[in-house]
Structure formats: structure tokens, C-alpha cells
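K.L.:
One structure follows; several queries about it will come next.
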Amino acid sequence: MRFGFTHQYATLPDRFQTAHAPARAPDPRCVVFNRPVAALLGLDVDAVERDAAALFSGNQLPEDARPIATAYAGHQFGQLSPRLGDGRALLLGEIRCPDGLQRDLQFKGSGRTPFSRGGDGFAALGPMLREYLISEAMHALGIPTTRSLAVVTTGARVQRESDLPGAVLTRVAASHIRVGSFEYFSARGDVEGLRLLLDLVIARHDPQALDAEIPALAVLEAVAERQARLIAQWMQVGFIHGVMNTDNMSIPGETIDYGPCAFMDEFDPRTVFSSIDRQGRYAYSNQPVIAQWNLARLAEALLPLIDADADSAVTKALTVIEPFIDRFDTHYLSGLRARIGLASEEAGDRDLIKALLDLLRDARADHTLSFRELSDAAEGAAAEAPLRTRLAAAPGIDDWLAAWRSRLSRDPQSPGERAAAMRRVNPAYIPRNHRVEAALAAASDESDFEPFKRLLSIVQQPFDDQAEHAAYREPPRPSERVLQTFCGT
Ligand code: AMP
Ligand code: MG
């Protein structure tokens, strides 16, 4: 079978990538397959699904695949690792899809590569299902993300804290080029490598940069804009990535690398779930400044391509880095305006939004349900009861609702239109940690995939009421709370 691959990355010089075959899976079984994503890629969906276990374990690669491990560096928790690379991933090639866009197909968990360092190159089933589930939920929420085509169990066991089923995830991305890809060549002082990588990024993601006076600066600005928009979207749904290292920040601006990521239940800006984030570097409220810090690392790598004079290169790069938080804030504010039902812009909106978030924090109210119930309240004062009950611990709710109604009165929509528009941006369903953990445990420990499939189908329609699944809207009971999440690598 052929997938119609191109091999732009595989034909870059040897220092970018190295050809490498996947490990053989002793007994591959496809446990989840994404038909819509297969169609997006222009594949023969039925034929591919029939052979999914062989194809997506790597046992029987598509004939035109050319698996490579790519080189990249990265700042991990602030420290530069000059050589990371695909330690357990292989890029099969790029596909020009029927929608005109080019996408990468990559295996994750397919065995050791020259970049594996101390790792075994494998992945456990639970974390691969987690990536599949949460990336599909993000996509359904309208947030740019890598997608998941399939998860195949290999039939081998992997050793982590315990002995676990091994699996391979097939991931689809606009590209796998990261901030860390540029840092790799920068750390080696390889300006020619930087130039080749920049040319590829311009060809794949930023063709408009070719007409700019300084293409490298135009790419930096395009990356900053995509990240500003992305992080604003994360913040609006309460998503915490958990490992915003520069090797996990995508140049095309997709959410990538779902490790210990999580959605928060009760609203607290300091929330951290990741067991490895002991300092809270990647806490919810830090995400915008961390994105800016990561972009500064990208800017540093690009300096020789921005200007031959080092000082003027820095001055020019700062014109993109310094206003990043404002850029983020513009997207954040406009997203939150929509979430509280505003159709116009007024100077006082920022304060109105901040006051609501302060109430949520003080009441330790559930982030998702508070906005969903605010959507219901937009129907009229008679529909306010659930939100009032949820925020009862915050004495300011009555005043806030009065201020909100007076603000709404200056907008043109009818209450019904407004409530409908709000329900299209305020989800009823997110992949709540306790549900995710329960679904993954059933799959991993008991080979029972039903809870996973049910949860997946619910979070794939996050804005629908799905009355029959109302229990999945609810935050965890105290005994069900998940306080920590793990990479599982
Ligand atoms: P991540 O935390 O998944 O973003 O991975 C960071 C780096 O560690 C990347 O270079 C990965 O390829 C590598 N890595 C993670 N898990 C493994 C593993 N089990 N074996 C080899 N390399 C790994
Ligand atoms: Mg990574």
C-alpha cells in the first residue's frame, strides 16, 4: 500500500535526520483508528483500517514510507539540552492532503533510535491513548493540535513503574518542526543548517515571509502570532500543557506532545498537575510568559539570519518578543468577550471579565461549568439559579450579574441568540482528569476499551448538551480527584 508520501525532511542533509526502521511488534492489534483523520489524509479509509495493525505498528510500512529520526535540541525546564531528537519517534514522510495542506505522519513509541539516550524507545498504552483522547478533544474544541490516526498495541510489555502493555501512536501534524529544531543548529553554530531549516519552514508554513524584507524576522513574528492565539485558547478552556519545553513548542502553532497535560476543574490560576513540575514553572497562569520565554530562545537561534550585525539583530528580534504579552492579551480578551456573550467591545469589558474570574477563583468554582451555566443565564434572569448556586461562596455574584446584564443591554442580540452563541464557545464537556484516568486504567489494566471509546465520543462533541451523558459534565467527587499527572515516558 502507498500513502502518497513526499520526503522533504528525509532529503535534508544527514545532520538533520537519520534513516531508521521501527522495531518489530510481536503481536500488533489496532485498538483505535480515526476514520475522519484517515479521510483528511486522503487515504483509502477501509483498506487502511483493514491493515491498520500491520501498518501502524511498523511491521508492514506503507511502501513509500521512509522512516527517519529527526534531530532537535530543547530547553527543558530552563536548561538547554543541545541534543534531544526523536528518541522514540519516527517520521514516515509528508502527505499532500485533499484540502491542499501538507501534513506529517509520525510514529511514537516505535523503538530505539540514535537519539534515544537512556530511554527504551517504547511507549506504554495508557499515555498513547491519553494523547489520542486529549488531542481529539482539543480539535473538537477548535484548538490547533496534532491529531491522532491510530493506536496499536504491540504485544510487547514495557517496563515503567510497573510492567505495562506497549503501544505505538500514529500522529498527524502540520509539521514536527519545533523551536528546539532551530536551537539544535544554533547550539552547533551551524548557520547553514539554520538557513535550510528556515527555508523549509517558509515553504511549508510561511510562504508570505519570502516577500518580507527580513524573512527570518517575518517567520519569528508568524510563530509568535500563532503561539499567542494558541495559548489564549488554552487559557480559555483551562488547559495546562504541563511540559512547555522548547522542544514541545511547535513552529506551525499546534498543541503538541501530550504528556502530563490536564484540564483544570475548579478555577485556580496557580494550578499545576505535572508530577515533574516541582517549581510550578508550567502552572496555568505562567503559560503566556513561558511562551514568550520560549520565543526568545527561538529569536536567539534566528539572530544570525535576522541581521549580520549582532546588536541590530537583537534590536529587531525584540520588536517581536517584547509585545508578545500584548499580542496574547488581545486574543485572550476577544475570546473571553465571546465566552461572556459580548458582541461589541467596550473599555470596561476587561474589568468585567476579571471580576468574574476573581469570583470563580474565590468560590473555587468549576471553570467549565461556570461558563456553561453563564450561557444558560444569558436566556434571562430566570435561568440564573444554577450559576448563583455554583458561585454562592463568592458574595459578589449578585453585583456581577447586575453589571453583566447592564452591559448586555447595550449589545444588539436577543437573549436566545446570545445564549446559543455562548454555548458554541463554552463547552459542556472537557476530558476531566478523573474520567481520563479511569478510562485509561480500564484499557491498560483490563483491556477494556469501552470506557475509553465512550469518553472519546463524548468529548468529540463538547458543545452539545448530550443529556444522556450529563454525569460526564460533573467535576470529580472529593474521592475521585486527580491531583497529579505523569508523563509516563
Ligand atoms: P517528551 O517529554 O516526550 O517531549 O520527550 C523529551 C525527549 O525525551 C525527546 O527527545 C524524546 O524522544 C525522549 N524520550 C521520551 N521518552 C523516551 C523513551 N521511552 N525512549 C527514548 N527517548 C525518549
Ligand atoms: Mg517532546
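The values are calculated or read from the model by the stated rules, or taken from the named source; none is laboratory data. Note that the structure is predicted; figures quoted are calculated from it, not measured. Ideal geometry is used to build each Cβ from the backbone, glycine not excepted, and the neighbour counts take in all protein chains shown.
K.L.:
Please pick out the residue among 136, 183 that is away from ligand 2 (no atom under 16 Å from the Cβ) and part of a helix (DSSP H, G or I). Break it down stepwise before answering.
P.N.:
Working: 183 fails: away from ligand 2 (no atom under 16 Å from the Cβ).
Exactly one of 136, 183 is away from ligand 2 (no atom under 16 Å from the Cβ) and part of a helix (DSSP H, G or I), namely 136.
K.L.:
Taking the options 107, 56, name whichever one is aromatic (Phe, Trp, Tyr), in contact with a Cys (Cβ under 7 Å, 6 or more places away or on another chain) and closer than 26 Å to residue 453 by Cα. I'd like the intermediate steps shown before the answer.
P.N.:
On the way: 107 fails: in contact with a Cys (Cβ under 7 Å, 6 or more places away or on another chain).
Checking each option against the conditions leaves just 56.
K.L.:
Residues being within 21 Å of the chain's Cα centre (by Cα) and more than 13 Å from ligand 1 (Cβ to nearest atom): count how many of those fall in the stretch 176-190.
P.N.:
2
K.L.:
If I filter the stretch 98-124 down to residues being among the basic types (Lys, Arg) and outside any loop (DSSP other than H, G, I, E, B), which single residue comes out as nearest to ligand 2 (Cβ to nearest atom)?
P.N.:
So, considering only residues that are among the basic types (Lys, Arg) and outside any loop (DSSP other than H, G, I, E, B), the one nearest to ligand 2 (Cβ to nearest atom) is 108.
K.L.:
Which condition breaks for residue 295 when tested against (1) surrounded by fewer than 20 Cβ atoms within 10 Å (Cβ to Cβ); (2) more than 14 Å from residue 243 (Cβ to Cβ)?
P.N.:
Here residue 295 clears every test but (1).
K.L.:
With modelled with pLDDT of 95 or more and buried (at least 21 other Cβ atoms within 10 Å of the Cβ) as the only criterion, which of 39, 123, 47, 54 stands out?
P.N.:
Working: 39 fails: buried (at least 21 other Cβ atoms within 10 Å of the Cβ); 47 fails: buried (at least 21 other Cβ atoms within 10 Å of the Cβ); 54 fails: buried (at least 21 other Cβ atoms within 10 Å of the Cβ).
Of 39, 123, 47, 54, the one residue that is modelled with pLDDT of 95 or more and buried (at least 21 other Cβ atoms within 10 Å of the Cβ) is 123.
K.L.:
Let me ask something additional. Please determine whether any residue of the stretch 253-270 is outside any strand (DSSP E or B), of a type in the set (S, T, N, Q) and either in the same structural domain as residue 187 (by TED's automatic domain parsing) or touching a Leu at 6+ places or on another chain (Cβ under 9 Å) (or both). Spell out the reasoning first.
P.N.:
Of the residues in the stretch 253-270, the ones outside any strand (DSSP E or B) are 253-254, 256-261, 264-265, 267-270.
Still in the running and of a type in the set (S, T, N, Q): none.
The answer is no; no qualifying residue exists.
K.L.:
A follow-up question, please. Please pick out the residue among 339, 297, 350 that is farther than 24 Å from residue 145 by Cβ and of a type in the set (Lys, Arg). Spell out how you get there, then give the answer.
P.N.:
Numbers: 339 fails: farther than 24 Å from residue 145 by Cβ; 297 fails: farther than 24 Å from residue 145 by Cβ.
Exactly one of 339, 297, 350 is farther than 24 Å from residue 145 by Cβ and of a type in the set (Lys, Arg), namely 350.
K.L.:
Report yes if residue 61 is more than 16 Å from ligand 2 (Cβ to nearest atom), crowded, with 19+ Cβ neighbours inside 10 Å, assigned to a loop (DSSP other than H, G, I, E, B) and free of Cβ contacts under 8 Å to residues at least 40 places away in the same chain, otherwise no. Write out each step before concluding.
P.N.:
On the way: more than 16 Å from ligand 2 (Cβ to nearest atom): yes; crowded, with 19+ Cβ neighbours inside 10 Å: yes; assigned to a loop (DSSP other than H, G, I, E, B): yes; free of Cβ contacts under 8 Å to residues at least 40 places away in the same chain: yes.
Considered against the rule, which asks whether it is more than 16 Å from ligand 2 (Cβ to nearest atom), crowded, with 19+ Cβ neighbours inside 10 Å, assigned to a loop (DSSP other than H, G, I, E, B) and free of Cβ contacts under 8 Å to residues at least 40 places away in the same chain, residue 61 comes out as yes.
K.L.:
Determine whether residue 465 is at pLDDT 95 or above, under 19 Å from residue 371 (Cβ atoms), surrounded by fewer than 16 Cβ atoms within 10 Å (Cβ to Cβ) and not aromatic (Phe, Trp, Tyr). Walk me through it before giving the result.
P.N.:
On the way: at pLDDT 95 or above: yes; under 19 Å from residue 371 (Cβ atoms): yes; surrounded by fewer than 16 Cβ atoms within 10 Å (Cβ to Cβ): yes; not aromatic (Phe, Trp, Tyr): yes.
The answer is yes for residue 465.
K.L.:
A follow-up question, please. Restricting to the stretch 361-382, name every residue that is more than 18 Å from residue 425 (Cα to Cα) and either touching a strand residue (DSSP E or B) at 6+ places or on another chain (Cβ under 9 Å) or touching a residue at least 12 places away in the same chain (Cβ under 8 Å) (or both).
P.N.:
Step one: list which residues in the stretch 361-382 are more than 18 Å from residue 425 (Cα to Cα), which gives 361-365, 380-382.
361, 362, 363, 364, 365, 380, 381, listed by residue number.
K.L.:
Does at least one position in the stretch 277-285 carry a residue that is assigned to a helix (DSSP H, G or I) and either more than 19 Å from the chain's Cα centre (by Cα) or surrounded by fewer than 20 Cβ atoms within 10 Å (Cβ to Cβ) (or both)? Steps first, please.
P.N.:
Filtering the stretch 277-285 down to residues assigned to a helix (DSSP H, G or I) leaves 284-285.
Next, only the ones that are either more than 19 Å from the chain's Cα centre (by Cα) or surrounded by fewer than 20 Cβ atoms within 10 Å (Cβ to Cβ) (or both) stay: 285.
Among the residues of the stretch 277-285, at least one is assigned to a helix (DSSP H, G or I) and either more than 19 Å from the chain's Cα centre (by Cα) or surrounded by fewer than 20 Cβ atoms within 10 Å (Cβ to Cβ) (or both), which makes the answer yes.
K.L.:
Could you list, in sequence order, all residues of the stretch 439-475 that are touching a residue at least 24 places away in the same chain (Cβ under 8 Å), within 29 Å of residue 167 (Cβ to Cβ) and among the hydrophobic types (A, V, I, L, M, F, W, C)?
P.N.:
Within the stretch 439-475, 439, 440, 441, 443, 449, 452, 455, 456, 458, 459 qualify.
K.L.:
Further question on the same structure: Determine, yes or no, whether residue 317 is surrounded by 15 or more Cβ atoms within 10 Å (Cβ to Cβ), in contact (Cβ under 8 Å) with a residue 24 or more places away in the chain and of a type in the set (A, V, I, L, M).
P.N.:
Details: surrounded by 15 or more Cβ atoms within 10 Å (Cβ to Cβ): yes; in contact (Cβ under 8 Å) with a residue 24 or more places away in the chain: yes; of a type in the set (A, V, I, L, M): yes.
Against the criterion (surrounded by 15 or more Cβ atoms within 10 Å (Cβ to Cβ), in contact (Cβ under 8 Å) with a residue 24 or more places away in the chain and of a type in the set (A, V, I, L, M)), residue 317 qualifies.
K.L.:
Suppose we filter the stretch 255-276 for residues that are within 18 Å of the chain's Cα centre (by Cα) and within 16 Å of ligand 2 (Cβ to nearest atom); how many remain?
P.N.:
Final tally of qualifying residues: 8.
K.L.:
Under 7 Å between Cβ atoms, which residue pairs at least 6 apart in sequence (or on different chains) link something in the stretch 88-115 that is on the phi > 0 side of the Ramachandran plot with a partner that is among the hydrophobic types (A, V, I, L, M, F, W, C) and within 15 Å of ligand 1 (Cβ to nearest atom)?
P.N.:
109/122; 109/123; 109/128; 109/167; 109/168; 109/169; 111/23; 111/122
Residue by residue, here is whether (1) of a type in the set (S, T, N, Q); (2) out of contact with any Leu (no Cβ under 7 Å at 6 or more places or on another chain); (3) under 19 Å from residue 98 (Cβ atoms) holds:
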residue	(1), (2), (3)
12	no, no, no
17	yes, yes, no
20	no, no, no
42	no, yes, yes
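K.L.:
Here's a follow-up. Have a look at 213, 225 and point out the one that is without any contact (Cβ under 8 Å) to a residue 12 or more places away in the chain, among the acidic types (Asp, Glu), surrounded by fewer than 23 Cβ atoms within 10 Å (Cβ to Cβ) and out of contact with any Leu (no Cβ under 7 Å at 6 or more places or on another chain). Give the steps one after another, and end with the answer.
P.N.:
Values: 225 fails: without any contact (Cβ under 8 Å) to a residue 12 or more places away in the chain.
Result: 213 is the single residue among 213, 225 that is without any contact (Cβ under 8 Å) to a residue 12 or more places away in the chain, among the acidic types (Asp, Glu), surrounded by fewer than 23 Cβ atoms within 10 Å (Cβ to Cβ) and out of contact with any Leu (no Cβ under 7 Å at 6 or more places or on another chain).
K.L.:
Here's another thing I want to ask about it. Would a scan of the stretch 298-308 turn up a residue that is farther than 21 Å from residue 178 by Cα, surrounded by fewer than 21 Cβ atoms within 10 Å (Cβ to Cβ) and away from ligand 1 (no atom under 16 Å from the Cβ)?
P.N.:
Taking the stretch 298-308 as the starting set, the residues that turn out to be farther than 21 Å from residue 178 by Cα are 307-308.
Of the ones still in play, those that are also surrounded by fewer than 21 Cβ atoms within 10 Å (Cβ to Cβ) are 307-308.
Narrowing the set further to residues that are away from ligand 1 (no atom under 16 Å from the Cβ) leaves 307-308.
Yes; the residues of the stretch 298-308 include at least one that is farther than 21 Å from residue 178 by Cα, surrounded by fewer than 21 Cβ atoms within 10 Å (Cβ to Cβ) and away from ligand 1 (no atom under 16 Å from the Cβ).
K.L.:
Only one of 238, 242 is more than 16 Å from ligand 2 (Cβ to nearest atom) and on the phi > 0 side of the Ramachandran plot; which?
P.N.:
Values: 242 fails: more than 16 Å from ligand 2 (Cβ to nearest atom).
So the residue among 238, 242 that is more than 16 Å from ligand 2 (Cβ to nearest atom) and on the phi > 0 side of the Ramachandran plot is 238.
K.L.:
Can you pull out every residue in the stretch 67-80 that is within 23 Å of residue 277 (Cβ to Cβ) and either away from ligand 2 (no atom under 16 Å from the Cβ) or touching a residue at least 60 places away in the same chain (Cβ under 8 Å) (or both)? Lay out the reasoning, then the answer.
P.N.:
Our first condition is that a residue be within 23 Å of residue 277 (Cβ to Cβ); within the stretch 67-80, this holds for 72-80.
Matches in the stretch 67-80: 72, 73, 74, 75, 76, 77, 78, 80.
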